[in-house]
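Each value in this text was obtained by applying a stated rule to the coordinates, not by laboratory testing. Here the structure is a predicted model, which means the values were calculated and not measured. Every residue, glycine among them, receives a Cβ derived from its backbone with ideal geometry; neighbour counts consider all protein chains shown.
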């Protein structure tokens with residue numbers, strides 16, 4: 001029996017073993033130990049951006065489009081990240097905690113970084129979101145990307161209850177580098193006034209634009225569905241005024257016919 005347990009332990013650490021396989025062989029014995037182990041994965045979606053406003057600096061001529069952005073977890077399990085300080089780097093090695101259906105836990109290293117955000121004064125997961133602004137014709141034909149945010153970092157916490165029960169408590173409320181996350185049924189909202197919540201519209205003419213927000217654009221995180229991470233809103237810019245234009249039907253044929261190009 002001891003040799004069998006040793007062999008199972010070695011199999012669990014094998015480089016070629018999948019997360020599901022490693023969970024299956026490292027499961028803590030329970031009355032349901034012979035049942036199939038299922039990963040309770042998170043599933044990130046982006047909610048449609050809101051609270052649009054235009055801000056500018058007359059001395060520089062720079063104009064930015066600000067907006068609020070929210071990412072929600074509609075999966076079966078939490079999105080949970082742990083950071084461990086590595087003195088040799090220096091920096092935090094990040095792992096995603098994956099939970100099994102019978103209480104198993106697996107720490108899976110990911111390539112994302114946890115970085116200090118000086119304007120917010122706490123720690124963020126880097127490259128968690130990206131914002132793109134696409135130009136449109138008045139008929140809704142999509143033309144070109146005219147502004148991109150670059151990497152947007154988030155402190156991952158539960159800020160808004162989405163589908164969680166009314167009595168559910170926040171599972172993640174700290175911007176600590178050692179543990180951040182988003183519970184199933186909760187969202188993390190960044191309001192329009194916060195640093196990074198904008199795209200540059202300097203020099204752009206008035207007209208219709210499509211704002212696309214993407215969560216986990218580099219696909220660092222393991223989740224149930226990677227194809228539902230984006231949301232898109234059409235807006236009309238006129239001078240210093242901006243408003244949603246939900247009646248515009250988009251035509252992506254000019255950019256290759258894809259629904260939403262990556």
Mean projected area in nm² (Cα convex hull; one quarter of hull surface) for segment 192-259: 6.7 nm²
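Could you tell me what a quarter of the Cα convex hull surface of segment 55-177 works out to, in nm² with one decimal place? Let's see the in-between values first.
Numbers: hull surface 50.5 nm².
The Cα convex hull of segment 55-177, projected and averaged over all directions, gives 12.6 nm².
Calculated FRET efficiency, residue 117 and residue 252, Cβ-Cβ r, R0 35 Å, to nearest 0.05?
Working: r = 34 Å, r/R0 = 0.98.
The value I calculate is 0.55.
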Quick check on the exposure proxy: order 131, 116 from fewest to most C-beta atoms within 10 angstrom. 116, 131
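Taking 0.36 nm per residue of separation and subtracting the Cα-Cα distance, what length does fully extending residue 224 through residue 48 add?
Working: separation 176, 0.36 × 176 = 63.36 nm, distance 2.02 nm.
Length difference between fully extended and current span is 61.3 nm.
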